[in-house]
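Participant: Provided herewith is a single structure, encoded as structure tokens, for subsequent inquiry.
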Amino acid sequence: MNRASKKKQDAFSLIELVIVVVIIGIIAAIAIPKMSKGSAGAAESALAGDMNLWRQAMDMYQTEHGGVYPDVTNVVNQLTQYTNSDGTVQGAKNAANGVVYGPYMRAIPPLPVGPATVKGSTAILGTAATNNGWIYDGNGNITPNTGSSTDSSGKLFNTY
């Protein structure tokens, strides 16, 4: 066997390379949409988890404060810092002064979904505003400020 024919046998043909590229393209066409749906599903799951966290924090606050929910104007401090039975916020726990309740959350979670104006926001307001991630009504109900945005199944985010 001469050298020229051996080199030709070791190389890939143009048809073989085209077939491999087509197969890789088909695999990518299948995988990329699945991955993008995965990130949307992760954000939806994060919102469901955050809503559960909010509900637990509100329920614990209400239970420890004689049936009263946090103030609309002070909800962030009342949930993330120590308070007394009246809901007065203190920087540190102090049993002698009755400051033994909370904190119920480490921090306000950023909104994981919704329009660009609210996604990632940790701000809370009593009514909807364009830059606030969360809306709190003062009665223990908090909703994401996502307007008419829906999840992948068509359910409104603000009904989670």
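Participant: When the chain is fully extended, how far beyond the present Cα-Cα distance does Lys119 get from Asn141, taking 0.36 nm per residue of separation? Present the calculation step by step, with values, prior to reporting the outcome.
Facilitator: Numbers: separation 22, 0.36 × 22 = 7.92 nm, distance 1.95 nm.
In short, 6.0 nm is gained.
Participant: Find the centroid of the Cα atoms in segment 134-153 and in segment 65-119, then give the distance between the two in whole Å.
Facilitator: If we compute the Cα centre of each part, the gap is 19 Å.
Participant: Tilt of helix 14-64 relative to the longest C-alpha principal axis of the chain, in degrees (0 to 90, nearest 10)?
Facilitator: The answer is roughly 10 degrees.
Participant: Highest first, please rank the peptides 98-109, 143-154, 14-25 by the mean number of other Cβ atoms sitting within 10 Å of their residues. Provide the component values of the computation, followed by the final result.
Facilitator: Numbers: 98-109: 17.1, 143-154: 15.5, 14-25: 10.1.
Averaged packing, sorted descending, gives the order 98-109, 143-154, 14-25.
Participant: Then there's this: Using a Gaussian network for the chain with springs between C-alpha atoms less than 10 Å apart, which of these wobbles most: Ala42, Ala123, Ala29?
Facilitator: Maximum among the listed residues: Ala29.
Only the coordinates and a few stated rules stand behind these numbers; no lab work does. It should be emphasised that the depicted structure is a prediction, and the values quoted were computed from it without experimental measurement. Cβ sites come from the backbone with ideal geometry, for glycine too, and all protein chains shown count toward neighbours.
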